[in-house]
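The values are calculated or read from the model by the stated rules, or taken from the named source; none is laboratory data. Note that the structure is predicted; figures quoted are calculated from it, not measured. Cβ atoms come from the backbone with ideal geometry, glycine included; neighbour counts cover every protein chain shown.
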Amino acid sequence: MAIRRPGPRAQSLLCALLLVAAIVFVYAGVAGHGFLLNWDDASYVVENPAAGGISPENLRQAFSQVFVGNYAPIHIASYMVDHELWGASPGGYATANVALHAANALLLFWLLLLVVKRRLVAFLAACLFALHPVQVESVAWISQRKTVLSMLFFLLSFLLFIAHRDGRRPALAYAGSLLCFVLAVLSKSATVILPVVLLLYDRLGSRRATWTRVLADKIPFVVVAGAAGLLAVWSQQPVSTSARLPYLGGNPAAWLFTMSTVMVRYLGLLFWPANLSAAYAPPFRASLDGPVAGSLLLLAMIGAGSLLLWRRRPEVFFWLAVGFLGLVPVLQIVPLVTLMNDRYLYFPLLGAAPLVVLLALPSPPPRWRAAPVLATALLLVASLALAVLSRERVSAWRDDLTLWADATRKTPESPAVWFSLGMSLDDAGREVEASLAYLRALALDLDMPVARSNLGQVRLWAAQDALASGALRSGDRAADLVALGTARLLLGHRRAAEDACAEALRLAPSRMAWVCIGNSRLEPGRALEARAAFSRAAAFPEPVDARLAYQQARAEALAGERDRALEYLRLALALGYKDFGTILRDPLLSDVRAMPGFRETYLQYVRHRRDRTALPEG
């Protein structure tokens, strides 16, 4: 008896089941995860009365208040449902995120079946979207509910718009699409890109609508997007944790130089997702250097290829445009707190995943032709590899301690990461190790008042003694010596601090050790020595960061070079220095503050004070 081949519906159902099974394989571990109390889970869920269950009062709060600098009432309302279902169990909240992510993958599969009309392409693209390791942050972190939830409404709105275009109950489908878009922007403002996506779909995807019709039915979507954008800007300002700059770095050139390198790093993460971290510290780029030139050249080549793709295969260019549009809200055109995050790639992958598959499988080939069969096999192997990497990455998000220990290994140059690890170690009752983490944060940024406060005078003495005796170790002796030097400096022992950092320099030359030496020399009579140490620090190949530029300003002020000090202070602010209260209190800068140009420089950057109790959410 001949075996009947499954029909199209059965094949689609099988693909959907395989997709869900793969997602369960990757994310099964989140059921045992805890809340990330040293990040945003406390503010969004655990300590948020509005997330305590479904009630008229909680709904009123959700729709009338701003939470963590975001107006996203649907996001907050979703936690009310969680509370009704799981109570205070964090595993339930995280599992709900996984369910939403799985729904998004299925909706993308459905969308591609409608638009591309190739089941294999739809399945492989949905796999790449769902299983890529950069998606783990958006799914495993409870506070990123807004990302997976907004994507759900975004895709539903897109699908209903297609139904409206195809004439299936057009009025009802159009109303449903507009309603889902409203829910999307009330979950996360990044979904404001949908009107442009729909416009491109009409002109590049379907090519069946006249310009009059294309523009007319987008007007309500544009109005909603505009209102959501204004709400987003308004809601973020009162509790902003960074200066409101007209451009990143204070000018368009610095924005271009910095974000070009960040975009290239994003491309690298998409194609080689190694060393993923909860926090990144990409350097500000104030001038055209080698990495910037290389990044701009690569992006120009990609732009030229995109124009060629637009002319020859507009239906494929559409997905490239969707990926780029997904990245636009996080390119610092409107300044955000953090430059780079894995979660910023959740929406771009909506376009990038189909783009990669369509480029690998350009057209439905005759059965068993070698090239497409090989490409399909490679995509399947890549999907399996991504699933394994994602499953491993999920374990890093188990709790605060695991997450920040992982982040310090990946981004050891970030003081905020070390501070967050210190808080997590404190919560775990590991005060001695917490002291070392706080000292590592202060070694990177001496003007971090909360870290100094958490460390405290008694613990500072104890940490100094433990580091000096070798009882407190991190596995990196040079870094421990810099931490010892920082502890001695905070206790007022400048010469002993310089000795410790000089020994660190002997073991492993580093910018951090030279900065430590420079800080220890910032006293009357040693200004030229401090300037020399900071100059040695600035000579290292990595770009000068804001903290080093600020210390150089202090050294110049101590040397009586007020004009040079103001120039370094301007550089520090342009590179992202945000401790504005420290600038106003710093006794070394008293003469600089009296200069005519100081007030203008200061007011150009300061709008709000920075809260450094934890890594802020972007």
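For Val330, the criteria (1) touching a Pro at 6+ places or on another chain (Cβ under 8 Å); (2) surrounded by 23 or more Cβ atoms within 10 Å (Cβ to Cβ); (3) more than 22 Å from Leu379 (Cα to Cα) hold in every case but one, which is (1).
Of the residues in the range 290-311, at least one is in a helix (DSSP H, G or I), farther than 21 Å from Met263 by Cα, basic (Lys, Arg) and assigned by TED's automatic domain parsing to the domain that holds Arg203. Residues of the range 168-207 that are among the hydroxyl-bearing types (Ser, Thr, Tyr) and more than 29 Å from the chain's Cα centre (by Cα): Tyr174, Ser206.
Here's the yes/no breakdown for (1) crowded, with 24+ Cβ neighbours inside 10 Å; (2) in contact with a Pro (Cβ under 7 Å, 6 or more places away or on another chain); (3) within 30 Å of Arg398 (Cα to Cα):
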{"residue": "Lys117", "(1), (2), (3)": "no, no, no"}
{"residue": "Cys127", "(1), (2), (3)": "yes, no, yes"}
{"residue": "Gln135", "(1), (2), (3)": "yes, no, yes"}
{"residue": "Leu155", "(1), (2), (3)": "no, no, yes"}
{"residue": "Phe158", "(1), (2), (3)": "yes, no, no"}
{"residue": "Gly176", "(1), (2), (3)": "no, no, no"}
{"residue": "Leu186", "(1), (2), (3)": "yes, yes, yes"}
{"residue": "Asp202", "(1), (2), (3)": "no, no, no"}
{"residue": "Leu215", "(1), (2), (3)": "no, no, no"}
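Within the range 373-407, being closer than 28 Å to Leu159 by Cβ, more than 27 Å from the chain's Cα centre (by Cα) and not small (Gly, Ala, Ser) holds for Thr376, Leu380.
Matching residues to (1) within 20 Å of the chain's Cα centre (by Cα); (2) modelled with pLDDT of 95 or more:
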{"site": "Gly52", "(1), (2)": "no, no"}
{"site": "Ala99", "(1), (2)": "no, yes"}
{"site": "Val116", "(1), (2)": "no, no"}
{"site": "Gln135", "(1), (2)": "yes, yes"}
{"site": "Ser138", "(1), (2)": "yes, yes"}
{"site": "Lys146", "(1), (2)": "yes, yes"}
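Counting only residues that are among the small types (Gly, Ala, Ser) and not in a helix (DSSP H, G or I), the range 474-496 holds 3 of them. Val26 meets all of the listed conditions (1) under 24 Å from the mean Cα position of the chain (by Cα); (2) outside any helix (DSSP H, G or I) but one, namely (2). Is it true that Gly581 is without any contact (Cβ under 8 Å) to a residue 12 or more places away in the chain and assigned by TED's automatic domain parsing to the domain that holds Ala441? The answer is no for Gly581. Per the listing Leu522, Leu615, Leu575, Leu528, the residue uniquely surrounded by 17 or more Cβ atoms within 10 Å (Cβ to Cβ), out of contact with any His (no Cβ under 7 Å at 6 or more places or on another chain) and at pLDDT 85 or above is Leu522. Scan the range 31-46 for residues that are out of contact with any Ser or Thr (no Cβ under 6 Å at 6 or more places or on another chain) and modelled with pLDDT under 90 and the total you get is 1. Tell me yes or no: at least one residue of the range 346-355 is under 30 Å from Leu256 (Cα atoms), touching a Ser or Thr at 6+ places or on another chain (Cβ under 9 Å), surrounded by 20 or more Cβ atoms within 10 Å (Cβ to Cβ) and aliphatic (A, V, I, L, M). No, there is no match, as no residue in the range 346-355 is under 30 Å from Leu256 (Cα atoms), touching a Ser or Thr at 6+ places or on another chain (Cβ under 9 Å), surrounded by 20 or more Cβ atoms within 10 Å (Cβ to Cβ) and aliphatic (A, V, I, L, M).
Pairs are defined by a Cβ separation below 8 Å, a sequence spacing of at least 6 or placement on different chains, a first member in the range 460-473 that is in a loop (DSSP other than H, G, I, E, B), and a second member that is basic (Lys, Arg) and surrounded by 13 or more Cβ atoms within 10 Å (Cβ to Cβ); no pair meets this definition.
Could you run through the range 537-550 and say how many residues are outside any loop (DSSP other than H, G, I, E, B) and either in contact (Cβ under 8 Å) with a residue 40 or more places away in the chain or acidic (Asp, Glu) (or both)?
Looking only at the range 537-550, we keep the residues that are outside any loop (DSSP other than H, G, I, E, B), and these are 537-538, 546-550.
Next cut, either in contact (Cβ under 8 Å) with a residue 40 or more places away in the chain or acidic (Asp, Glu) (or both) only: 546-547, 550.
Adding up the residues that qualify gives 3.
Quick check on the range 477-486. Is at least one of its residues in the same structural domain as Ala559 (by TED's automatic domain parsing), surrounded by fewer than 24 Cβ atoms within 10 Å (Cβ to Cβ) and farther than 18 Å from Thr408 by Cα? So far as the range 477-486 goes, no, none of its residues is in the same structural domain as Ala559 (by TED's automatic domain parsing), surrounded by fewer than 24 Cβ atoms within 10 Å (Cβ to Cβ) and farther than 18 Å from Thr408 by Cα.
Just checking, how many residues over the range 47-91 are touching a residue at least 60 places away in the same chain (Cβ under 8 Å), of a type outside the set (A, V, I, L, M) and either touching a Phe, Trp or Tyr at 6+ places or on another chain (Cβ under 8 Å) or within 24 Å of Leu336 (Cβ to Cβ) (or both)?
Applying the first criterion (touching a residue at least 60 places away in the same chain (Cβ under 8 Å)) to the range 47-91 yields 66, 68-75, 78-79, 91.
Retained after the next criterion (residues that are of a type outside the set (A, V, I, L, M)): 69-71, 73, 75, 78-79, 91.
Now restrict to residues that are either touching a Phe, Trp or Tyr at 6+ places or on another chain (Cβ under 8 Å) or within 24 Å of Leu336 (Cβ to Cβ) (or both): 69-71, 73, 75, 78-79.
Residues that pass the stated criteria total 7.
Filter the range 455-480 for residues that are basic (Lys, Arg) and out of contact with any Ser or Thr (no Cβ under 9 Å at 6 or more places or on another chain); which is farthest from Arg430 (Cα to Cα)?
Arg477
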